[in-house]
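The values are calculated or read from the model by the stated rules, or taken from the named source; none is laboratory data. Remember, predicted model here, so these are calculated numbers, not experimental data. Every residue, glycine as well, gets a Cβ built from its backbone with ideal geometry; the counts of neighbours run over all protein chains shown.
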Amino acid sequence: MSKYIKSVLFFLLLCHVTMAQQDTQFTQYTTNMSVVNPAYATSNLGVVNLGANYRKQWVNSIGSPRTLSFFAHTPFSEKIEMGITFTSDQIGEDVIEINENNINADFAYVLDISDNSKLSLGLKAGFTLYDTAFTGMLIDPNDPTFTNDVNEVYPTIGAGAYYFTDSYYVGVSAPNFLRTSHSDDAIVVTNQGKEEIHFYMIGGYVFPINDNFKLKPSFMVRAVKGAPVNVDLSVSALMYDRVEAGLSYRLDDAISALVGFRVTPSFKVAYSYDATVSEFSNYNNGSHEIVLLFDVSLFDLNAGYKKSPRFF
């Protein structure tokens, strides 16, 4: 195997084993909370919330990660909200690809704490499809590196809690409690690619400056064994309930710019760009992320929804 091919492979492996110990990362995490927290709820009876997020990370770096996520959830009653989430991670290209697809069902039970505050408790369960493909590689029969493709399926189960009012919210979660080992069939990574438990805390506030201007600070903290605690701090301004723009900082990693447009009362599109500020900035041209959000009203059960859009 050529030295160049080996360098590519070990770069991808390094990304997967060390950097990817953090679960999928998103800059626009406030639009995608149900992916990591099954307790996320809206209490908008009769409204199905749909969303899709695509992230291209570390543009122009070798084998840069690509992530696609989708979610759908809706209240079935004032107490019960259910949904599904799908996340697809891909790293590598041409010679080697590592793919991980997560499919989960979410269940949340909502408790009334006071007239304007609620506490939701949630469970997430499903499975992960994990595979590697070493197509196009010229394997040296005397070299045990990457001798076998890997195809695995393993279960996932997680939980979360989410407290929210009309003005602020905070949630804690662990999307998967099960610790599993990846790539046991690939000799080079035997016993290295272990799935650790990831813990999340996401919170935010909506400050109404006036009728047409709202300030929305938010934060996300992620923690996992074997990696530094990851902190995102964000603030955005919402104008006329239609246009949103803001900035975000990921500690020791990236500065991001965000912009969003509510095209119609039920459809929103948003975009963000991350500029890497770590030493890795010399090897990539930043990260792009686009979000599409749809709120579909069913049977007119949520009268007046279009006059009062959801802020988180």
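Annotation: of all residues in region 150-185 being among the β-branched types (Val, Ile, Thr), surrounded by fewer than 17 Cβ atoms within 10 Å (Cβ to Cβ) and closer than 16 Å to residue 30 by Cβ, the one that is modelled with the lowest pLDDT is 165. Being polar (S, T, N, Q) and touching a Phe, Trp or Tyr at 6+ places or on another chain (Cβ under 7 Å) narrows it down to one of 248, 272, 297, 281, so name that one. Within the list 248, 272, 297, 281, the selection yields 297.
In a residue-by-residue description of region 22-45, the property of being over 13 Å from the mean Cα position of the chain (by Cα), of a type outside the set (A, V, I, L, M) and modelled with pLDDT of 95 or more applies to at least one position. All of 275, 257, 245, 237 fail the test of being in a strand (DSSP E or B), in contact with a helix residue (DSSP H, G or I) (Cβ under 8 Å, 6 or more places away or on another chain), touching a residue at least 12 places away in the same chain (Cβ under 8 Å) and at negative phi, apart from 275.
Mind listing just one residue for me: the one in region 286-301 that is surrounded by 14 or more Cβ atoms within 10 Å (Cβ to Cβ) and over 14 Å from residue 50 (Cα atoms) and, of those, farthest from the chain's Cα centre (by Cα)? Going through the qualifying residues, I end up with 286.
Per-residue answers, yes or no, for (1) farther than 29 Å from residue 280 by Cβ; (2) touching a Leu at 6+ places or on another chain (Cβ under 9 Å); (3) surrounded by 17 or more Cβ atoms within 10 Å (Cβ to Cβ); (4) at pLDDT below 90:
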position: 54; (1), (2), (3), (4): no, yes, no, no
position: 64; (1), (2), (3), (4): no, no, yes, yes
position: 74; (1), (2), (3), (4): yes, yes, yes, no
position: 85; (1), (2), (3), (4): no, no, yes, no
position: 90; (1), (2), (3), (4): no, yes, no, yes
position: 102; (1), (2), (3), (4): no, yes, yes, no
position: 128; (1), (2), (3), (4): no, no, yes, no
position: 135; (1), (2), (3), (4): no, no, no, yes
position: 139; (1), (2), (3), (4): yes, no, no, yes
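Screening 239, 201 for residues that are closer than 22 Å to residue 264 by Cβ and modelled with pLDDT of 95 or more leaves exactly one candidate, 239. Failed condition for residue 226, given (1) in a loop (DSSP other than H, G, I, E, B); (2) crowded, with 16+ Cβ neighbours inside 10 Å, with all others met? The failed condition is (2). For beta carbons closer than 6 Å, sequence separation of 6+ or different chains, a first residue in region 101-120 that is closer than 14 Å to residue 78 by Cβ and a second that is surrounded by 22 or more Cβ atoms within 10 Å (Cβ to Cβ) and acidic (Asp, Glu), the qualifying pairs are 108/81.
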